[in-house]
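Before any comments, here is the structure.
The values are calculated or read from the model by the stated rules, or taken from the named source; none is laboratory data. Keep in mind that this is a model prediction, so the values were computed, not measured. Methodologically, a virtual Cβ is constructed for each residue, glycine included, from the backbone with ideal geometry; neighbour enumeration extends over all protein chains shown. Remember, those area values only see protein heavy atoms, side chains included, never the ligands or the DNA or RNA. Shrake-Rupley method; radii C 1.70, N 1.55, O 1.52, S 1.80 Å.
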Amino acid sequence: MGSYTHFTLSERKYLQQLLSEGKSFREIAAILERSPSTISREVKRNCAKYKPKHKPDNPYRYNHWRAQNLYIRRRRVRQRFAIKPDSPAWLFIIERLKMHWSPEMICGRWNLLYSSSEHQRLSVSTLYRYIKELRLPNITPKNHLRRRGKRLCTRNANYNSIQPERIIPQWDDIIKQRLRIGDWEGDTVYGAVGKGLLVTLVDRRSRFLCSARISSRSASETREAIVHCLKDLPVYSISLDNGSEFSEFHLLQDELSTDVYFAEPHKPWQRGTNENTNDILRYYFPKGYNFHELSDDDLQQVVREINNKPRKCLGWKTPAEVICECFGVALA
């Protein structure tokens, strides 16, 4: 199913007919190629509040002309709440987009900082529309949106190289519920063939990122990079994928005095925190990047930038702020 599009008048007319035939929301969704929740939301938002006695065949009181007029009226109301050029919100948006913040981060952080003030609240959908319509100076979707309109492609991992002692479904509750700092998810981010890669480690509680460059998929080099990244941080567990670069996990357990877990084959979502963070890194280092030309200082500058981006899951705090609250010092 493609990206969401608004209902058209002809769709609403067909929807009214299907409702009058007594079809369920799921049946209608299959016919219109929409999700059942979309059909339910459309009917509930636009059905009449009264109960006409002369139309028993339309129990939802849905009329396509009325629904279309309500839709147009709501759209007009939304357009009144424009972001005025050179206003505080406008300047905040421009500055944060240049820092590679996503529209959701920008709106969430703004609404957190100015929730009790007279400043207008920002809408994520409005901000996306402004970017896509090129209404912000020197801001384009290609240069300032993380996905740049491209489809996601996942790489195939070598799942046969690891014989794990522990797997992610065996996590203790304290790991599952993200109750402490020190439960890490790890993976590698590849560049061009033969051009190096990154080791990435993300704390489940704070979403704090650590990363290091390695020249190859060597298991010993990967293990040394992980130890270097985590040497001054609490480590209670590490959860990895099944790539051959993590085959020295027994030595890693001994060196860090921790437990190492592995994702089940073909289930990368079990390490969703790390997968999402690697996707953020791909904004800076797209596929085919030559990591041999990347300096350690430049890499750590990117890591600091990511660790200082607000996250919705943290109540629009940044990973660096969460780490600082836990330890009393900034580790970013």
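When you look at Thr273, is it in contact with a Pro (Cβ under 7 Å, 6 or more places away or on another chain) and among the polar types (S, T, N, Q), yes or no?
Considered against the rule, which asks whether it is in contact with a Pro (Cβ under 7 Å, 6 or more places away or on another chain) and among the polar types (S, T, N, Q), Thr273 comes out as no.
The conditions are (1) in contact with a Phe, Trp or Tyr (Cβ under 9 Å, 6 or more places away or on another chain); (2) among the polar types (S, T, N, Q); (3) open to solvent by 50 Å² or more (accessible area, probe 1.4 Å), and Ser237 fails exactly one of them. Which is it?
(3)
Residue by residue through the range 168-207, note down the ones that are hydrophobic (A, V, I, L, M, F, W, C) and open to solvent by 50 Å² or more (accessible area, probe 1.4 Å).
Ile174, Leu179, Val193
Restricting to the range 144-164, what's the tally of residues that are open to solvent by less than 100 Å² (accessible area, probe 1.4 Å) and either of a type outside the set (A, V, I, L, M) or at pLDDT 90 or above (or both)?
10
To keep it simple, each residue is scored yes or no on (1) touching a residue at least 24 places away in the same chain (Cβ under 8 Å); (2) at positive phi; (3) in a loop (DSSP other than H, G, I, E, B).
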| residue | (1), (2), (3) |
| --- | --- |
| Ile175 | yes, no, no |
| Trp184 | yes, no, no |
| Val199 | yes, no, no |
| Arg205 | yes, no, yes |
| Ser216 | no, no, yes |
| Thr222 | yes, no, no |
| Ile226 | yes, no, no |
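For the range 28-49, enumerate the residues that are among the hydroxyl-bearing types (Ser, Thr, Tyr), assigned to a helix (DSSP H, G or I) and surrounded by 14 or more Cβ atoms within 10 Å (Cβ to Cβ). Before you say what the answer is, go through the steps one by one.
Step one: of the range 28-49, the residues among the hydroxyl-bearing types (Ser, Thr, Tyr) are 35, 37-38, 40.
If we keep only those that are assigned to a helix (DSSP H, G or I) as well, we get 37-38, 40.
Of everything in the range 28-49, those that are among the hydroxyl-bearing types (Ser, Thr, Tyr), assigned to a helix (DSSP H, G or I) and surrounded by 14 or more Cβ atoms within 10 Å (Cβ to Cβ) turn out to be Thr38, Ser40.
Give me the residue from the range 271-321 that is closer than 18 Å to Pro103 by Cα and in a loop (DSSP other than H, G, I, E, B) and, out of that set, most open to solvent (accessible area, probe 1.4 Å).
The selected residue is Asn308.
Checking the condition assigned to a helix (DSSP H, G or I) and either in contact with a Gly (Cβ under 8 Å, 6 or more places away or on another chain) or not hydroxyl-bearing (Ser, Thr, Tyr) (or both), which residue from Glu255, Glu264 passes?
Exactly one of Glu255, Glu264 is assigned to a helix (DSSP H, G or I) and either in contact with a Gly (Cβ under 8 Å, 6 or more places away or on another chain) or not hydroxyl-bearing (Ser, Thr, Tyr) (or both), namely Glu255.
Here's the yes/no breakdown for (1) touching a Cys at 6+ places or on another chain (Cβ under 8 Å); (2) loosely packed, with under 13 Cβ neighbours inside 10 Å:
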{"position": "Leu97", "(1), (2)": "no, no"}
{"position": "Trp110", "(1), (2)": "no, no"}
{"position": "Leu113", "(1), (2)": "no, no"}
{"position": "Val124", "(1), (2)": "yes, no"}
{"position": "Ile131", "(1), (2)": "no, no"}
{"position": "Asn138", "(1), (2)": "no, yes"}
{"position": "Lys142", "(1), (2)": "no, yes"}
